[in-house]
Amino acid sequence: MIVADAKPFNEIEQMLSGCKKVYVVGCGSCVTICHTGGEKQVTELAAKIRLASKLKGKPVEVVEGSVLRQCEWEFIEETKNVVEDCDAVLSIACGIGVQYMAERFPNAKVFPGLNTTFMGAPTEQGVFWERCAGCGNCIISTTGGLCPVSRCAKSLLNGPCGGSQNGNCEVSEETPCVWNQIYDRLDAQQLLSTMENIVPPKDWRTGAENHPRKMVLEHLVMK
């Protein structure tokens with residue numbers, strides 16, 4: 001899932017400066033799960049905008065809404081009438097959702113209410129850890145199903161480094177050393193000899209450095 005956190009409110013106020021009617025729209029997918037862009041957060045942010053603008057003597061009308069996924073045309077189409085009736089759209093979806101709203105409604109001022117941070121998963125209530133860097137060349141078949149690119153502070157393909165202590169990363173004692181975990185998993189699976197194979201330098205052109213990336217499913221493309 002895509003993980004995002006809320007932008008500072010003063011930054012949001014600056015973006016909305018001069019607007020009299022704002023549409024705050026959330027997304028029912030990833031950002032709802034990480035408690036930053038769901039219906040509850042829409043309600044809270046809308047109330048905060050109303051109160052702050054009222055205290056400044058420049059009240060803003062705020063319309064609240066949410067769609068199942070802002071990253072798909074068919075779901076954001078239902079917002080068309082509201083978008084056209086507002087001065088600006090404050091999207092509290094991931095960066096993909098914000099851009100899709102902007103592309104679908106080119107005449108609308110579309111602003112992001114969140115900072116998209118990483119692809120991760122909840123490890124406990126309210127705690128999310130990065131799990132994938134979207135590097136485009138997955139190697140976790142050789143590392144016990146764990147990703148050293150996203151979970152190692154140095155993105156080592158051949159580890160561990162000499163800095164890990166007691167199973168934790170030298171960068172932060174709160175961060176488990178993924179190479180220690182990889183060792184334990186491969187050992188339990190009797191595949192420890194896998195670590196003796198040297199992984200060659202990664203072709204980083206398959207990752208975010210070579211952007212924008214595109215995937216085409218030929219069997220689904222209409223000719």
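Observations on the model:
- Computed Rg/Rh of segment 1-144, alpha carbon atoms with Kirkwood Rh: 1.03
- Whole-Hz couplings from phi, Karplus 6.51/-1.76/1.60, listed for segment 62-78; x for Gly and Pro: 10, 9, 9, x, 7, 10, 4, 8, 7, 8, 9, 3, 4, 7, 7, 4, 5
- The aspartates and glutamates whose alpha-carbon is closer than 18 Å to the alpha-carbon of Lys154, local same-chain residues fewer than 8 away aside, are Glu130, Glu170, Glu173, Glu174, Asp203, Glu209.
- Accessible surface area normalised per residue over the chain is 61 Å², counting heavy atoms of protein chains with a 1.4 Å rolling probe.
- Bins of 10 Å from zero: percent of alpha-carbon pairs in segment 54-117: 21, 53, 21, 5
- Stretched out straight at 0.36 nm per residue, the stretch from Asp184 to Arg205 would grow longer than its current Cα-Cα span by 4.5 nm.
- Within the chain, the longest segment free of exposed loop sites, counting GluC sites (Glu not before Pro) that fall outside DSSP classes H, G, I, E and B and have at most 11 other Cβ atoms within 10 Å, spans 1-172.
- Trypsin sites (Lys or Arg not before Pro) restricted to DSSP loop in segment 121-161 with at most 15 other C-beta within 10 Å: Lys154
- Between Glu11 and Asn158, the distance separating the two model label sites (each 7 Å from Cα on the Cα→Cβ line) works out to 3.9 nm.
- Residue-wise HN-Hα couplings along segment 100-110, as the Karplus relation 6.51 cos²θ - 1.76 cosθ + 1.60 with θ = phi - 60° gives them from phi, are 5, 5, 5, 6, 6, 10, x, 8, 8, 7, 10 Hz; Gly and Pro carry x.
- Arg104-His35 pseudo-label distance in nm [points 7 Å out on the Cα-to-Cβ vector]: 2.8
- Cross-link pairs exceeding 19 Å between alpha carbons, from the set Lys21/Lys54; Lys58/Lys80; Lys20/Lys109; Lys7/Lys109: Lys58/Lys80.
- Loop-located trypsin sites (Lys or Arg not before Pro) in segment 21-121 (DSSP state not H, G, I, E or B) with no more than 12 neighbouring Cβ atoms inside 10 Å: Lys56.
- According to the Kirkwood relation over distinct C-alpha pairs, the hydrodynamic radius of segment 107-203 is 15.1 Å.
- Distance in nm between pseudo-label sites at Thr142 and Ile198 (7 Å out along the Cβ direction from Cα): 1.2
- Surface share of carbon and sulfur [accessible, 1.4 angstrom probe, percent] for the chain: 53
The values are calculated or read from the model by the stated rules, or taken from the named source; none is laboratory data. Everything numeric in this text was worked out from a predicted model, so none of it was measured. FYI the Cβ positions are ideal-geometry reconstructions off the backbone, even for glycines, and counts take in every protein chain you see. Calculation scope for accessible area: heavy atoms of the full protein, side chains included, ligands and nucleic acids excluded. Shrake-Rupley method; radii C 1.70, N 1.55, O 1.52, S 1.80 Å.
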